[in-house]
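S.K.: Below you'll find the structure I mean.
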Amino acid sequence: MPNKYKILVVGIGDIGRRHLEACLNLPGEHYALTTVEPNDDNWAVMEPAIRENTIRIERFSSITEMPKVYFDVAV
């Protein structure tokens, strides 16, 4: 199986939430998603949609917490 495409979404406020929602529609077998959002309230809004998906999501509160990795797409 080929490597998964890695997508980074920074911020899931009003506009970032729409980006994350679109990414959640991608097939989980081909994509891995990383998100950065310090605001727990924004996470609470997205939690039901995230639980219902098969795409793997890594969550970070700060970019400084993230390991240094290559992303195919960053929003």
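S.K.: Look through 49, 44, 22, 32 and report the one residue that is open to solvent by less than 30 Å² (accessible area, probe 1.4 Å), at negative phi and either assigned to a loop (DSSP other than H, G, I, E, B) or out of contact with any helix residue (DSSP H, G or I) (no Cβ under 6 Å at 6 or more places or on another chain) (or both).
M.R.: 32
S.K.: Can you tell me which residues in the stretch 3-19 are touching a residue at least 12 places away in the same chain (Cβ under 8 Å), outside any strand (DSSP E or B) and not small (Gly, Ala, Ser)? Working first, answer last.
M.R.: Step one: list which residues in the stretch 3-19 are touching a residue at least 12 places away in the same chain (Cβ under 8 Å), which gives 4-13, 16-17, 19.
Those left that are additionally outside any strand (DSSP E or B): 4, 11-13, 16-17, 19.
Correct list: 4, 12, 17, 19.
S.K.: Please determine, by comparing only the residues of the stretch 3-17 that are open to solvent by 100 Å² or more (accessible area, probe 1.4 Å) and within 18 Å of residue 54 (Cα to Cα), which one is nearest to the chain's Cα centre (by Cα).
M.R.: Initially, the stretch 3-17 is screened for residues open to solvent by 100 Å² or more (accessible area, probe 1.4 Å), giving 3, 5, 14-15.
Next, only the ones that are within 18 Å of residue 54 (Cα to Cα) stay: 3, 5.
On the way: 3: 17, 5: 12 Å.
That would be 5.
S.K.: Of everything in the stretch 34-50, what is closer than 12 Å to residue 16 by Cβ, of a type in the set (A, V, I, L, M) and more than 12 Å from the chain's Cα centre (by Cα)? Give them in sequence order.
M.R.: Passing the criteria: only 45.
S.K.: Right, another one. Would a scan of the stretch 58-69 turn up a residue that is touching a Gly at 6+ places or on another chain (Cβ under 9 Å) and open to solvent by 30 Å² or more (accessible area, probe 1.4 Å)?
M.R.: We begin by selecting, within the stretch 58-69, every residue touching a Gly at 6+ places or on another chain (Cβ under 9 Å); these are none.
Taking every residue of the stretch 58-69 in turn, none turns out to be touching a Gly at 6+ places or on another chain (Cβ under 9 Å) and open to solvent by 30 Å² or more (accessible area, probe 1.4 Å).
The values are calculated or read from the model by the stated rules, or taken from the named source; none is laboratory data. Owing to the predicted nature of the structure, the values given are computational and were not obtained by experimental measurement. We place every Cβ from the backbone using ideal geometry, glycine too, and count neighbours over all the protein chains shown. Note: accessible area is taken over every heavy atom of the protein model, side chains too, but ligands, DNA and RNA are not part of it. Shrake-Rupley method; radii C 1.70, N 1.55, O 1.52, S 1.80 Å.
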